[in-house]
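In what follows, a single structure is set out as structure tokens and then discussed.
Any read-out appearing in this document is the output of simple, stated calculations on the displayed coordinates, not a laboratory observation. Remember, predicted model here, so these are calculated numbers, not experimental data. For neighbour counting, all protein chains shown are included, and Cβ atoms are generated from backbone atoms with ideal geometry for every residue, glycine included.
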Amino acid sequence: MKQEYTPPAYKETAFNCPFCNAYANQFWDSLAKVERAKWHYSDVDGCVCTRCGHESIWFKNIMVYPSFEGVQPPNQDLSEDIQFDYQEAASILQKSPRGAAALLRLAIQKLCKEFGEEGKNINTDIKNLVAKGLPSAVQKSLDIVRVIGNDAVHPGQIDISDDIETAKALFKLVNLIAEKIITEKKEVEEIYNSLPESKRQEIEKRDSK
């Protein structure tokens, strides 16, 4: 069972480290004087991961270093292009949640195109993918993307109503869609291919009748 991702949060004593991504205990303390001089003394905290030893910097309760803003890393089965969009969105989440959401909708558009659709109209893409046997969980995920985009928002466009919570939901949906359509299929294929060749031939002979 995959461990649930716990994003970094101010003063929490354990979460997934923004550097090594492991779930680990976190040690909070004020930064060294040489570091504090760059900031207002009372507004800055340092948080050290007890697993990798790297220190994140928090200014007024918000993590300002590193720039990866406390969301789960992209599914590694996504294409490099989509992973790049995802990571760019993560780097600007706190500064521009609307920009992050726009990048994530663009990533979902690209996903639909990789699944063989035009990627122009999400309603049409969902309909076609359902006809191809799209899992219900992914269908619902795509419909959520469509609804929270107010239907009128096109991939890559800014929606003035987007906020951090909307963007965080889109991060989860990108990974969920990839998990259900790409990763699970890949894992099943790997298990199937590990069966003895004679057994696979029996299955293929059965299915060809």
I need the phi-derived Karplus couplings for the range 46-54: 6.51 cos²θ - 1.76 cosθ + 1.60, θ = phi - 60°, integer Hz, Gly and Pro marked x. x, 9, 9, 6, 6, 8, 9, x, 7
Separation of the Asn193 and Gln76 label points, Cα + 7 Å toward Cβ, nm: 1.6
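Quick one: which of 50-60, 86-96 comes out on top by average Cβ neighbours within 10 Å, and what's the full order, highest first?
Ranked by mean Cβ neighbours within 10 Å, highest first: 86-96, 50-60.
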Compute the FRET efficiency between Tyr65 and Lys185 as 1/(1 + (r/R0)^6), taking r as their Cβ-Cβ distance and R0 = 30 Å, and round to the nearest 0.05. 0.20
Could you check the simple spin-label distance between Arg206 and Ser136, using points 7 Å along Cα→Cβ, in nm with one decimal? 2.6
